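Notes to accompany the following structure.
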Ligand SMILES: [Zn+2]
Ligand SMILES: [Zn+2]
């Protein structure tokens, strides 16, 4: 699941902030958008060697931030085996034979319940 999320994860990071986004293929809801600041964003490098150091540090923190974003987003996303899209918990149905997204369930006339019901009072 995480590998799938990683493949579609959008990198919106800047020099100061690490930011990623995964969008539900069905409803368009966005997940994983929790910005993390680069630890040196407030302290500009004062020398060439420090610049190199910061660049390496940035790469490291970017990879770390990406792992966190993937982990967070994976909790909200599901892979639909029919349409091959990643959809959020509200759009993913637990069906009798095969779990799939809401749209495919409707197309294939499958009965099921969403992983997450959008209205808390209905649970
Ligand atoms: Zn959705
Ligand atoms: Zn589907």
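The values are calculated or read from the model by the stated rules, or taken from the named source; none is laboratory data. Only a predicted model underlies this, so the values are computations on that prediction, with no experimental measurement involved. With ideal geometry, Cβ positions are generated from the backbone for all residues, glycine too; neighbour counts draw on all protein chains shown.
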Could you tell me whether segment 57-66 includes any residue that is closer than 25 Å to residue 91 by Cβ and not assigned by TED's automatic domain parsing to the domain that holds residue 115?
yes
Going through segment 59-103 in order, the residues found to be within 13 Å of ligand 1 (Cβ to nearest atom) and assigned to a helix (DSSP H, G or I) are 73, 89, 90, 91, 102, 103
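When you go through 87, 70 one by one, which is the residue that is buried (at least 17 other Cβ atoms within 10 Å of the Cβ), within 12 Å of ligand 2 (Cβ to nearest atom) and within 14 Å of residue 5 (Cα to Cα)? Quick ask: steps written out before the conclusion?
Values: 70 fails: within 12 Å of ligand 2 (Cβ to nearest atom).
Going through 87, 70 in turn, just one is buried (at least 17 other Cβ atoms within 10 Å of the Cβ), within 12 Å of ligand 2 (Cβ to nearest atom) and within 14 Å of residue 5 (Cα to Cα): 87.
Residue-wise test of (1) under 25 Å from the mean Cα position of the chain (by Cα); (2) under 23 Å from residue 12 (Cα atoms).
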residue: 44; (1), (2): no, yes
residue: 51; (1), (2): no, yes
residue: 64; (1), (2): yes, yes
residue: 73; (1), (2): yes, yes
residue: 79; (1), (2): yes, yes
residue: 85; (1), (2): yes, yes
residue: 95; (1), (2): yes, no
residue: 104; (1), (2): yes, no
residue: 113; (1), (2): yes, no
Do you know which residues across segment 20-54 are outside any loop (DSSP other than H, G, I, E, B) and surrounded by 12 or more Cβ atoms within 10 Å (Cβ to Cβ)?
20, 21, 22, 23, 30, 31, 36, 37, 50, 51, 53, 54
Have a look at 100, 93 and point out the one that is touching a helix residue (DSSP H, G or I) at 6+ places or on another chain (Cβ under 6 Å), buried (at least 22 other Cβ atoms within 10 Å of the Cβ) and not assigned by TED's automatic domain parsing to the domain that holds residue 29.
93
Conditions first: (1) at pLDDT below 95; (2) in contact with a strand residue (DSSP E or B) (Cβ under 6 Å, 6 or more places away or on another chain). Residue 68 passes all but one, so which condition is the exception?
(2)
